[in-house]
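Report on the following structure.
The values are calculated or read from the model by the stated rules, or taken from the named source; none is laboratory data. Here the structure is a predicted model, which means the values were calculated and not measured. Quick reminder, even Gly has a Cβ in these numbers, built from the backbone with ideal geometry, and neighbours come from all protein chains shown. Only protein heavy atoms, including side chains, enter the accessible area calculation; ligands, DNA and RNA are left aside. Shrake-Rupley method; radii C 1.70, N 1.55, O 1.52, S 1.80 Å.
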Amino acid sequence: MAADKAVDSLSEQLAQLPPLDRYPNCYPEINPLTTILHQITGVDTKIIYGALQWTQALAHGDMMLPIPALRVKGKPQELGEQWLEKWPGSPLVEKPVVTGGFMPIFFKPGPLAKALIPLARRLGPEYGKNKANGLKDPSDPPKGQKRIVVEFSSPNIAKPFHAGHLRSTIIGGFLAKLYEGSGWDVKRINYLGDWGKQYGLLSLGFDKYGSDEELEKDPINHLFHVYVKINEDVSAEKQQMEKLQSEGKTEEAQRLKDEGLDEQARRYFKLMTERDQAAIERWQKFRALSITKYKETYKRLNIEFDEYSGESQVPEETMKEVTATLLEKGIAEESDGALIINFAKHVPGKAGKALEKPVVRKKDGTALYLTRDISELLNRAERYQFDKMIYVIASQQDLHVKQFFKIVELMGHKELADRCQHINFGLVLGMSTRRGTVKFLDDILRDVGDFMHDLMRKNEEKYKQVENPHAVADTVGISAVMVQDMTGKRINNYKFDMDTMCSFEGDTGPYLQYAHARLCSITRKAQLSEEEIAGADLSLLTEQHATDLVRVLAQWPDVVQNTLKTLEPTTILTYLFKMTHVLSSSYDHLKIVGSEPGLMRARMALYDTARLVLNNGMRLLGLTPVERM
Ligand code: ARG
């Protein structure tokens, strides 16, 4: 009886803690586990708190204390045994057994359920989030919020939205949500590829092949169509030129060179950089219409940008200043009329050589991708005053990113460069659509949605119950694409495989959606009121399946916390699959319908917590959980 009271008062205390807002300090002093460990070891609670780890498998405990991490002299096994002799007993924690250098810690299942379920249900969408991570100083009093800029997606206007952009979009969208959930002030930037000679060419192409009507209707595909056409003309001209040269008609070949499309494009682009009104107006229109379309697609992925920046938005002035500084500081040097950086001279050893000798200004004075990135970074530092900036860019551009971070550092902004991080990722292999080879994001999503719809129709009974099957197929299809993308570590390549990703078996998006829809259906069928669930007697959750599920659900905040370190969506996904596996194996053992009312309420409270965690996890990944499918 006394023990029961202790549990109840502990649960009450835990439930009344403010929503984890002091984490990571997280009141180690009143954390029951750190308090006990302090009592038996004499080690400072903060050290204990920092040493405690979560575990991968339930069999290894709920928490794990690596004894050497407490930095006490002695043999770990012996120290552990000595300490445990002083174990005072606890309403929440079982007495541990030391194995090797480790002390696995198991929560007592009953008290854990009583502490966790009401707390998680009270926090709702906030359960697992940790707003204090985004505080400049988590100690008292808080000194403002940290700001992070996440640059991601960054497609190129008039060109296909390829797999690299897809991955950047998915991973970047996720990271932005992760930081937001952790209390950071997040700014999302899309850095469009929208500048350079090719956009002069696009404008010429529009005169020849463009239609204002088509442009308004479908800017992305129309501009792409124009771009392809005019590039065909450029290739034809090139061939013609080679032919003339081989026939010895050098004068004619020269004329073609001086007056041909390539030269016209160069001149037109020059007009753009000089802000010629007509040229700029037209280009603005292409850009604005494309952005409107992009926005629609991003919306389907639950993504909204704070800024559509882009290569065109980097002022020529800043780039001139950058090249001037580079020359002045002896970082850049002339080579054949161009300006290059020979890294070997500035960075010792292999590292310098590996950075190669990039050009920062071409012979004709035009700036490059690299120079723009440097200037844009400096401008963003002013504009956003960020604490951290993340670039989500394919690993194919690793060298480029290393170069521009290093240049910023050499320019005297090491501290700024250190605040920037490149999040890279591998390739998607074999991505093509059923409607041809062009891979715009919209086409991909539509294809997967259609595929999903066909699959759903195979189960006529269920299909009839879905209110808006096309919309559901669309949402589940998007989940399929996203989950496939986030399944492995970012750096791994993966194969785009519609059959695998759309399957309901295996660790897929549709599987997660199905798990969520099933929990929603259980809730609907149970027909219990909020009061009935909140008042459930949780001590009835005694079966192994129930206690295991509670233990897994209790790990969720730690999983999010760990993800802030790995910055890998797979950290979240792996957990969600582990949780849903435990969940699905428990259905047969923890029935709701047909159970007596008390048990029904307790199990419903448990399933509701599972639904909450799954929902929170899916939303963190950028998925939209469906309620029926
Ligand atoms: N638009 C570029 C591309 O498609 C990606 C831009 C990446 N971001 C950057 N700051 N360089 O390759």
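Express in nm, to one decimal, how much length is gained between GLN544 and HIS400 on full extension, taking 0.36 nm for each residue of separation and deducting their alpha carbon distance.
Full extension from GLN544 to HIS400 adds 46.5 nm.
So what does GLU94 come to for accessible area, using a 1.4 Å probe and Å² rounded to 10?
My reading of the accessible area for GLU94 is about 80 Å².
What do you get for trypsin sites (Lys or Arg not before Pro) in the stretch 503-592 restricted to DSSP loop and a cutoff of at most 14 other Cβ within 10 Å of the site's Cβ?
Taking the stretch 503-592 and a limit of 14 other Cβ atoms within 10 Å, the loop trypsin sites (Lys or Arg not before Pro) found are LYS591.
Along the Cα→Cβ direction, 7 angstrom out, place labels at THR566 and GLU78. What is the inter-label distance in nm?
Once both label points are built, they end up 3.8 nm from each other.
When only C-alpha pairs under 8 Å and at least 6 residues apart count, what is the relative contact order of the chain, in percent?
After rounding, I find 14 percent.
Count the lysine pairs in the stretch 196-274 whose Cα atoms lie under 26 Å apart, taking only pairs 8 or more positions apart in sequence or on different chains.
Step by step, the pairs that qualify in the stretch 196-274 add up to 24.
Please give the FRET efficiency for SER584 paired with ASP418, using the beta carbon to beta carbon distance and R0 = 56 Å, rounded to the nearest 0.05.
0.80
Return the inverse of the average 1/r over all pairs of distinct C-alpha atoms in the stretch 196-274, which is the Kirkwood hydrodynamic radius, in Å to one decimal.
Roughly 13.4 Å, rounded to one decimal.
Mind putting a number on the dipole of the stretch 196-274 about its Cα centre? Charges go on the C-beta only, +1 for Lys and Arg and -1 for Asp and Glu, and I need it in Debye to the nearest 20.
Working: 12 positive and 18 negative charges, 60 e Å.
Rounded to the nearest 20 debye, it is 280 debye.
Taking the chain on its own, what percent of its Cα-Cα pair distances exceed 35 Å? Kindly include the intermediate steps, with their values, before the conclusion.
Working: 103926 of 197506 pairs.
Considering the chain, 53 percent of its Cα-Cα pairs are separated by more than 35 Å.
Report the extension gain between ASP212 and GLU461 in nm, rounded to one decimal, defined as 0.36 nm multiplied by the number of residues separating them, less their alpha carbon distance.
Difference between extended and current length: 84.9 nm.
Find the accessible area per residue for the stretch 290-350; the probe is 1.4 Å, ligands and nucleic acids are left out, and the unit is Å². Don't skip to the answer; put the middle values down first.
Values: 3210 Å² over 61 residues.
Value returned for the stretch 290-350: 53 Å² of accessible area per residue.
Report the calculated FRET efficiency for GLU321 and LYS285 (r = Cβ-Cβ distance, R0 = 35 Å), to the nearest 0.05. Each step should come with its number before you reach the end.
Numbers: r = 30 Å, r/R0 = 0.85.
Taking R0 as 35 Å, the efficiency between GLU321 and LYS285 is 0.70.
In whole Å, largest first, what are the principal axis extents of the Cα atoms in the stretch 322-477?
73, 35, 30
Could you tell me the relative contact order of the stretch 238-377? Use alpha-carbon pairs under 8 Å, at least six residues apart, and round to a whole percent. Mind showing how you got there, number by number?
Numbers: 99 pairs, mean separation 20.4, N = 140.
It rounds to 15 percent for the stretch 238-377.
Using alpha carbons only, how many angstrom separate the centre of the stretch 343-409 from the centre of the stretch 465-533?
Centre-to-centre distance over Cα atoms comes out at 40 Å.
Label ALA278 and TRP87 with points 7 Å out from Cα along Cα→Cβ: what is the distance between them in nm?
So the label points at ALA278 and TRP87 sit 8.6 nm apart.
Give the calculated FRET efficiency between ASP336 and GLU94 to the nearest 0.05, with a Förster radius of 51 Å applied to their Cβ-Cβ distance. Present the calculation step by step, with values, prior to reporting the outcome.
Details: r = 74 Å, r/R0 = 1.44.
For ASP336 and GLU94, the calculated efficiency is 0.10.
What number, in percent, do you get for the relative contact order of the stretch 342-411 if the mean sequence gap of Cα pairs under 8 Å and at least 6 apart is divided by its residue count? Numbers along the way, then the final one.
Details: 36 pairs, mean separation 17.7, N = 70.
It comes to 25 percent, rounded to a whole number.
Per residue, how much accessible area does the stretch 69-144 show when a 1.4 Å probe rolls over the protein heavy atoms, in square angstrom?
52 Å²
Please state the charge dipole magnitude for the chain, taken about the Cα centre, from unit charges on C-beta atoms (+1 on K and R, -1 on D and E), reported in debye and rounded to the nearest 20. All intermediate terms of the calculation are to be shown ahead of the outcome.
Working: 83 positive and 86 negative charges, 197 e Å.
So the dipole magnitude of the chain works out to roughly 940 debye.
Can you give me the % of accessible surface on the chain that is carbon or sulfur? Probe 1.4 Å, all protein chains present, nothing else counted.
Numbers: 15020 of 29520 Å².
The C+S portion of the solvent-accessible surface of the chain is 51 percent.
Given points 7 Å out from each Cα along the Cα-Cβ axis, report the THR292 to GLU237 separation in nanometres with one decimal.
3.1 nm
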